[in-house]
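These notes are about the structure you will find just below.
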Amino acid sequence: MTDPIPPGLEPGAPDAAPPEPAASTTSALPEQAPEVPSPTGYPLPSETASVQPPAGGTRRRAVLGFLGAVALGAVIGTAGLALATGASGPPEPPAGNTFGRPDAPVTVELWADYQCPFCQLEDLLFGGAMDREYVTPGIARIIYRDFAFLGQESIDAAVAARCAGAQEPAAQLRFHDILYTYQQGENQGRFARAALLRIAEIAGVPSQPVFAACLDDPAVATAVADETTAGRNVGVSSTPTLRLRGPGGERVLTGFSQTWPTLRDALEAVRLPARASPSPSGAASPATSASP
């Protein structure tokens, strides 16, 4: 390849990665979880000075065992195939930004920024469990929404994911996974053009020239900006924000869930219709569901 390969994206070159901090192992996470500085997630830029986000990029690489880039692409592809062929009620094949059966009773809209470390933690810690326990059985479908507010590389990463999906819908979610895997810092070149081209290769995007041309299409950047504005219009003010809707009503979770029960309880709350509660006259009346 003629393009320079950004540090950390060379296949089979773990020695090129920055050294892992001593506290980056998964076993240390329970002690670190209560120290998450903001229960409302990653705030808008005017508030970022008071937040010390966790080192999600290094934790992600530690969990993955720092596989080589080519091997990582194979693992992601294999995992996606395993989910798509689950015996307990397979979801539809991934389509762009959506994963799960279109007739699933629960819809989860996940608003996120690819440079947000809390979004990375949400995806790393709870994404697999939600896929296995709710998406694969056909209970929920996930819609990933762009809320690109942390700078130009957030926009560029969101554009690139959409460009991957424009060629092959399933490639958008593979690209999504790899972006979170290599996230590290904000607007420091991690999602520079050369890196995005390399990620497209790892994710198996069919045509590099078509992908490169798409990166320069202003209409795609406009679509990312429009979706970010749409998020603000429905009340999104930090990332991640999850909006869950189902027969039991709607719940909104703002910020990193921190524990699986937090997310599971919200999913269960909207999964089934609200039970009727007795009225003062003794007759049953429907119970209402309120968002937190």
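The values are calculated or read from the model by the stated rules, or taken from the named source; none is laboratory data. Only a predicted model underlies this, so the values are computations on that prediction, with no experimental measurement involved. Positions of Cβ are backbone-derived with ideal geometry, glycine not excepted, and every protein chain shown enters the neighbour counts.
Name the residue, out of E168, E201, that is of a type in the set (D, E) and either modelled with pLDDT of 95 or more or surrounded by 23 or more Cβ atoms within 10 Å (Cβ to Cβ) (or both).
Step by step, each of E168, E201 is checked, and only E201 is of a type in the set (D, E) and either modelled with pLDDT of 95 or more or surrounded by 23 or more Cβ atoms within 10 Å (Cβ to Cβ) (or both).
Only one of (1) among the aromatic types (F, W, Y); (2) in a helix (DSSP H, G or I); (3) under 18 Å from D131 (Cα atoms) fails for F211. Which number is that?
Answer for F211: the failing condition is (3).
Condition first: in a helix (DSSP H, G or I), surrounded by fewer than 21 Cβ atoms within 10 Å (Cβ to Cβ) and at negative phi. Can you find one or more residues in region 181-190 that meet it?
Checking region 181-190: not a single residue is in a helix (DSSP H, G or I), surrounded by fewer than 21 Cβ atoms within 10 Å (Cβ to Cβ) and at negative phi.
Got at least one residue in region 231-254 being charged (D, E, K, R), part of a helix (DSSP H, G or I) and more than 24 Å from R174 (Cβ to Cβ)?
Yes - at least one qualifying residue is present in region 231-254.
If you take the residues in region 158-190 that are hydrophobic (A, V, I, L, M, F, W, C) and in contact with a Pro (Cβ under 9 Å, 6 or more places away or on another chain), which one is nearest to C119 (Cα to Cα)?
L173
What residue, among those in region 94-146 that are assigned to a strand (DSSP E or B) and of a type in the set (G, A, S), is surrounded by the fewest Cβ atoms within 10 Å (Cβ to Cβ)?
The qualifying residue surrounded by the fewest Cβ atoms within 10 Å (Cβ to Cβ) is A95.
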